[in-house]
Structures are given as C-alpha cells and as structure tokens.
Amino acid sequence: NNIKSPPAGTTSYAAVAWYAAGPVGLLVFNLLMLLMMVMIIIAYEVAMISFIDDMPITTGSRKIDIIIPSVIVALLSCSPDVSFLSKFSVIGLLALALSFVVILWQGFTENGLTGFQSTLTLWPRNATDASSWFGVVVFGYGIVPFILNFHESMKTPKQIGLAMKMGLVLVFFAYIIISSGVSILFSPSHSFDGDVLQALPTNSWLALFVRLLMTFVVSMTAPLIVVPCGEMIEGKIGIGVDEVYKRIAVRVLLCMLCMIFSEHAPGFVHIVSFIGCFFASIIGFILPPLFCIQLRHNTRKDDVSKMDVTSFCDLSALVIGIITTILTTTMKFGEMRRS
C-alpha cells in the first residue's frame with residue numbers, strides 16, 4: 001500500500017515492472033521494449049528491400065528504392081490518427097494468402113510432387129541452425145508483452161486463456177503446414193536461406209504483383225510500430241501532445257535512422273531470429289518469473305527464505321530462461337557477424 005502508482009500512460013506489463021522493481025525496473029523494461037520495436041522497424045525495412053531487390057522494375061539505385069517506401073511509412077506515421085491502418089489488416093491477410101498460393105503453385109509447376117518422395121531432413125543441422133529456429137519461433141509466438149493489453153480490452157477477460165490457446169494452436173498448425181509444405185515442395189530445386197519469396201521468379205508478372213502487394217502491406221503495417229515507438233521517445237524527452245512539429249520530427253528521424261541501419265543489416269530472417277533470441281526471450285522468459293519472485297518477496301510476511309512449489313517453479317523458469325537466452329543469442333549473433 002505504500003508503493004506509489006506508476007506514471008500515467010504506463011502499460012499493464014510495464015506497471016508490473018514498476019511494482020516489482022520500482023522506477024529502475026520500469027526504465028529497463030521500457031528500454032527493452034523500445035529497442036525491440038526499433039529492431040522490428042529495421043526488420044520491416046529489410047523486408048521491403050528484399051522485396052524490391054527482386055523486382056524487375058526499379059530505379060536502378062538501391063538507396064532510392066528503399067527511400068520511397070520509407071517516406072511512405074514516415075508520412076503515415078505522422079498522421080494524427082493511424083487507426084485507419086487497421087482496416088488494411090484484411091488486405092494483409094489476403095496478400096499473405098495470395099503469396100503462398102503463388103509460391104505453392106510455383107513449386108508444384110517446377111517439381112510436381114517429387115519433393116514429397118525425397119528424404120529431406122527438416123531438423124536443424126547444428127546448434128546454430130537450432131538457435132535461428134528458436135528465435136523465429138519465439139518471435140512468432142511472442143504474445144507476452146501484449147497479453148495483458150488483450151486481457152483488458154476483452155468484453156469477457158476470463159476467456160483470455162481459452163482465446164490464447166485457440167489462437168496459438170491455429171497459428172501452430174498453419175506454420176507447420178505452410179513452412180514444411182513449401183520446404184518439401186521446393187526441395188528438389190531450391191533451398192531457402194532467407195525469405196520464401198526468393199523462390200518466385202523475377203520475370204513473372206504475377207510474382208511482381210505479389211512483391212508489390214507485400215511491400216504495400218509492410219509499409220502499411222510498419223507505422224503501427226513506429227507510432228508507439230515514437231510516443232515512447234517523445235515521452236522520455238518531454239515532448240507534449242500539442243507539440244506537433246516536434247513529434248513529427250521524432251517519427252521522421254526514427255524512420256530515417258532505421259532505414260539507414262537496414263541498408264547495412266543482415267537478412268530479414270537473421271534480424272527476426274535475433275529479436276526472438278534476445279529481446280522476446282528476455283521479455284517473455286526471464287522477466288515474468290523474475291517479476292513473480294520479486295513481487296512475492298515484496299508481499300510475503302513470512303520467512304522469504306522458504307522454498308514452496310510456486311517459488312521453485314519461478315526460479316526454475318528464470319534459470320532456464322537465462323541459459324536459453326544467453327546460448328541462443330550468442331550463437332545467433334556469431335552467425336550474423338559471419339553473414
């Protein structure tokens with residue numbers, strides 16, 4: 001009862017960090033979230049570069065090619081209300097569905113069903129490949145930073161557990177069927193070392209349409225990350241809501257810096273895997289048990305040295321999370337340096 005309330009505008013997960021570790025915990029959590037969002041923006045920029053590089057129609061300059069969609073992202077991010085971008089989510093889903101239909105058709109046209117008769121091994125070849133797989137999986141299932149917000153926005157919050165289970169199960173089977181199916185279908189003629197659109201031909205009008213559509217979807221989605229990231233920066237440096245020009249300057253500068261970094265960054269898959277191994281692992285595997293341990297320590301009135309079942313589970317999860325994060329991040333960072 002003597003603990004002060006967190007600052008206004010603090011998210012639910014950040015409020016947990018505040019009550020568990022005070023202002024320092026809130027600062028560390030916000031820094032991790034800020035860096036993760038910046039890395040996601042860079043990943044979006046890299047994705048757009050990879051889409052544009054394989055197009056037969058370009059300006060002839062890679063820098064100009066990436067500037068054009070980056071400017072669109074920056075302009076959309078400066079809009080006073082970006083809620084209209086949520087309407088493009090349906091277009092995004094249709095674009096993804098169309099992309100995989102085209103990719104599957106391309107694989108069937110090239111190889112037929114001979115890939116399903118091959119002896120392709122889908123297991124990681126070594127520990128480095130396993131760490132890359134781990135990072136992508138953690139990134140894809142990284143709902144921990146947002147689950148409390150989902151819980152608060154639901155009409156029946158008690159159903160959050162069932163909703164998350166159903167959503168994750170559906171995503172799991174979709175990922176398994178699509179990723180394994182595409183890999184097996186293309187196995188006689190193609191091995192993937194990046195995004196799946198590399199399998200599409202560069203001289204096909206349908207492939208060009210898919211790449212343009214995916215670039216459009218990414219440019220519509222990126223502002224949904226740029227805006228909250230910019231708002232965090234604006235809040236930290238003291239820019240008010242009514243200081244429009246300063247807020248625009250922050251968001252434009254953020255987009256431009258991410259664009260510059262993306263030009264020298266490794267591939268999209270490498271960045272996504274690193275985000276999963278480091279940022280998503282810390283936020284999803286280390287901080288929750290750590291906060292639970294600290295909150296129990298702050299609220300318990302009996303002997304805190306006693307180890308009950310809950311404390312043992314929290315401590316075990318914390319140790320496993322730390323070890324997993326260190327090992328996978330180290331291997332992934334080494335792979336990124338070599339690439």
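The values are calculated or read from the model by the stated rules, or taken from the named source; none is laboratory data. Worth saying up front: this structure is predicted, and the values here are computed from it rather than measured. Using ideal geometry, Cβ is built from the backbone for each residue, glycine included, and neighbour counts are taken over all protein chains shown. Please note that ligands, DNA and RNA were not included when accessible areas were found on the heavy atoms of the full protein model with its side chains. Shrake-Rupley method; radii C 1.70, N 1.55, O 1.52, S 1.80 Å.
Tabulated results
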| item | result |
| --- | --- |
| Rounded tilt (10° steps) of 62-77 against the dominant C-alpha axis of the chain | 40 degrees |
| Size of charge dipole - the chain - debye, nearest 20, with Cβ of Lys, Arg +1 and Asp, Glu -1, no other charges | 560 debye |
| Potential extension, residue 253-residue 127 segment - 0.36 nm per residue separation minus Cα distance | 41.5 nm |
| Stretch gain in nm, segment residue 113-residue 260, where the contour uses 0.36 nm per residue and the Cα spacing is subtracted | 48.7 nm |
| Between the range 106-151 and the range 267-293, the Cα center-to-center distance that results, in Å | 17 Å |
| Sequence of 116, 216 when ordered by accessible area, the most exposed leading, probe 1.4 angstrom | 116, 216 |
| Distance between modelled label sites at residue 171 and residue 296, nm, 7 Å Cα→Cβ extension | 2.7 nm |
| Relative contact order (%) - the range 133-269, alpha-carbon pairs under 8 angstrom, separation at least six | 19 percent |
| Residue (of 102, 59, 217) at the positive-pole extreme of the chain, dipole from beta-carbon charges | 217 |
| Fully extended contour minus Cα-Cα distance, from residue 10 to residue 206, at 0.36 nm per residue | 66.0 nm |
| Mean separation of Cα contacts under 8 Å (6+ apart) over length of the range 1-112, as relative contact order % | 11 percent |
| With at most 10 neighbouring Cβ atoms within 10 Å, loop trypsin sites (Lys or Arg not before Pro) (DSSP) excluded, longest segment of the chain | 156-300 |
| Under 15 Å from the residue 330 label point (7 Å along Cα→beta-carbon), backbone N, the range 251-292 | 278 |
| Selected from 79, 131, 70 as most flexible by GNM, with the chain as the system and alpha-carbon contacts under 10 Å | 79 |
| Pairs of lysines in the chain (C-alpha under 27 Å apart; 8 or more residues apart or interchain) | 7 |
| Dipole of the chain, positive direction: furthest Cα of 35, 175, 261, with charges on the beta-carbon | 35 |
| With Cα atoms, 0 to 90° folded angle of helix 309-338 axis to the chain main axis | 40 degrees |
| Degrees separating the helix 287-299 axis from the principal Cα axis of the chain, which is the longest one | 10 degrees |
| Whole-percent carbon and sulfur share, accessible surface of the chain, 1.4 Å | 71 percent |
| The chain - percent relative contact order, Cα under 8 Å, separation 6 or more | 34 percent |
